[in-house]
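Below is one structure; the comments refer to it alone.
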Amino acid sequence: MNPLAIELNRQIKRISPSAFECLSEIGKHMYFPLGILSQSADARERAHKYNATIGIALERHRPMHLNVTKKFFRNLSPEEIYTYAPPEGLPELRRLWKEKLYRTNPSLTGKSISNPIVTSALTHGLCVVADLFVDRGDTIVAPDKMWGVYGLNFTTRKGARIVTFPMFNADGRFNLTDFARLLEAESGKNDKLISILSFPNNPTGYTPTVAEARELYRIVKEQAGKGTKIVTLSDDAYFGLFYEDSVKESLFSGFCDLHENVLAIKLDGATKESFAWGFRTGFVTFGTKSNDSQMLYRALETKLKGLIRSTISSSNHPSQTIVEKILKDPEYDANLAEKFHILKRRALKLKQVLSQEKFKSAWDYYPFNSGYFMSLKLHQVDAEVLRNHLLDQYGIGTVSMDSTDLRIAFSCIEEEEIEDLVERIYRAVNELS
């Protein structure tokens with residue numbers, strides 16, 4: 001094992017034995033090399049005459065570039081576009097995102113969290129977090145309504161085992177009873193568990209109420225208190241899009257100082273939060289209860305930097321620059337609020353349309369109060385058959401999640417088009433049944 005990895009492990013184990021035991025074998029071996037990047041950083045501070053370190057080209061002491069590319073970035077300097085961003089991300093962007101986390105999650109006030117590490121959107125964040133904490137045979141606890149990429153990351157890539165519980169109970173509320181039962185059962189078989197919760201949920205568009213969130217914290221804390229090491233992954237891809245009766249902040253806020261045996265991780269990004277999908281700018285943030293959390297976070301951040309360096313080296317610089325600038329823009333909050341209300345009106349309109357009595361024979365719908373999506377639970381037809389029929393006969397695209405569940409992204413549908421969409425889906429169901 002590299003001496004740098006040994007030293008990071010020593011620091012983590014001294015501060016938080018629980019966090020150390022949560023690391024995967026790759027995580028334990030990971031470090032950030034004192035190679036070209038560290039020597040280049042040293043040169044930036046001390047090479048006052050010539051800096052012949054990092055592999056970029058300069059012209060007249062500025063990043064060399066093609067005019068055919070610069071014309072697309074008229075308001076950015078060459079230094080804000082062409083140079084490599086640090087593996088951990090631009091320092092000012094990380095500071096601004098951390099500031100935003102505290103501002104939009106009031107329950108974080110007074111709590112210690114890490115500096116966010118920049119990833120190439122949330123999917124990449126999920127990938128490097130899986131590398132850091134998931135080994136073959138590890139157990140992931142998740143609701144049965146979940147994003148398909150979890151299977152690719154945890155099962156296909158890492159060889160972990162995903163165990164699920166029904167997300168909703170018979171009353172249409174979040175199924176706290178089965179979550180608690182599953183967590184307790186798996187705690188009896190595993191020293192370490194990874195729990196992943198995505199709110200607003202993809203594919204259902206549900207976010208728990210304040211009371212449900214409190215009970216989730218209680219359940220996790222109870223198992224952690226019995227000695228199980230639990231990594232909580234909060235997939236906050238659609239954070240902020242809370243329309244009705246739900247908690248209005250990330251569950252990370254409650255997990256991040258819940259117990260010494262709980263290591264909380266927040267996965268989020270500008271991708272959906274700032275309506276900048278193609279920018280591929282995400283963040284990973286750590287939180288836990290320890291006596292020296294900042295040193296622990298620095299060690300975990302260093303391992304994460306090593307993983308990023310060993311995969312994509314660093315995330316897109318121009319995208320980071322733009323996200324940094326929009327976070328500082330005085331019009332940002334107003335722009336965000338405008339788009340939020342457009343999506344909220346669509347969600348409420350869809351709920352109003354779906355409440356019509358005539359649709360009850362064709363489907364139920366899972367509770368939704370947030371996010372981009374909602375899902376129908378079909379009574380009469382197979383979801384995949386319906387999906388293809390909608391494409392072939394109506395030119396309508398939907399997503400079949402399994403044999404009964406059909407996901408609709410109302411984020412893509414104008415408010416005035418929603419009723420027509422539902423009517424056409426209903427007509428297609430009747431044609432097939």
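Any read-out appearing in this document is the output of simple, stated calculations on the displayed coordinates, not a laboratory observation. Note that the structure is a prediction, hence the values are computed from the model and not measured. Note that we place each Cβ from the backbone using ideal geometry, even for glycine, and neighbour counts take in every protein chain shown.
Report yes if Tyr217 is surrounded by 21 or more Cβ atoms within 10 Å (Cβ to Cβ) and not in a strand (DSSP E or B), otherwise no.
Numbers: surrounded by 21 or more Cβ atoms within 10 Å (Cβ to Cβ): no; not in a strand (DSSP E or B): yes.
Criteria not met by Tyr217.
For the stretch 292-309, state whether one or more residues are of a type in the set (Phe, Trp, Tyr) and either closer than 27 Å to Arg346 by Cβ or without any contact (Cβ under 8 Å) to a residue 12 or more places away in the chain (or both). Even if it seems obvious, please write down each step before you answer.
Pass one, the stretch 292-309, residues of a type in the set (Phe, Trp, Tyr): 297.
Retained after the next criterion (residues that are either closer than 27 Å to Arg346 by Cβ or without any contact (Cβ under 8 Å) to a residue 12 or more places away in the chain (or both)): none.
So far as the stretch 292-309 goes, no, none of its residues is of a type in the set (Phe, Trp, Tyr) and either closer than 27 Å to Arg346 by Cβ or without any contact (Cβ under 8 Å) to a residue 12 or more places away in the chain (or both).
State all residues of the stretch 188-209 that are among the hydroxyl-bearing types (Ser, Thr, Tyr) and either free of Cβ contacts under 8 Å to residues at least 24 places away in the same chain or surrounded by fewer than 21 Cβ atoms within 10 Å (Cβ to Cβ) (or both); if no residue qualifies, say none.
Of the residues in the stretch 188-209, the ones among the hydroxyl-bearing types (Ser, Thr, Tyr) are 195, 198, 204, 206-207, 209.
Within the stretch 188-209, Thr209 is the sole residue that qualifies.
At positive phi, among the small types (Gly, Ala, Ser) and surrounded by 19 or more Cβ atoms within 10 Å (Cβ to Cβ): is that true of Gly371 in this structure?
Numbers: at positive phi: yes; among the small types (Gly, Ala, Ser): yes; surrounded by 19 or more Cβ atoms within 10 Å (Cβ to Cβ): yes.
Judged against the criteria, Gly371 is a match.
Which fully enclosed helices (runs of 4 or more DSSP H) of the stretch 1-109 have 2 or more residues being of a type outside the set (A, V, I, L, M) and buried (at least 17 other Cβ atoms within 10 Å of the Cβ)?
Working: elements: 3-15, 17-22, 25-29, 36-46, 67-70, 91-104.
Result: 3-15, 17-22, 25-29, 91-104.
Look at the stretch 245-278 and say how many of its residues are assigned to a helix (DSSP H, G or I) and not hydroxyl-bearing (Ser, Thr, Tyr).
Let us first name the residues in the stretch 245-278 that are assigned to a helix (DSSP H, G or I), namely 252-255, 270-273, 277-278.
If we keep only those that are not hydroxyl-bearing (Ser, Thr, Tyr) too, we end up with 252, 254-255, 270, 272-273, 277-278.
Selection size over the stretch 245-278: 8.
Being touching a residue at least 40 places away in the same chain (Cβ under 8 Å), of a type outside the set (Ser, Thr, Tyr) and more than 30 Å from His65 (Cβ to Cβ) is the requirement here; does Ile322 meet it? Explain how you work it out, then say what you get.
On the way: touching a residue at least 40 places away in the same chain (Cβ under 8 Å): yes; of a type outside the set (Ser, Thr, Tyr): yes; more than 30 Å from His65 (Cβ to Cβ): no.
Criteria not met by Ile322.
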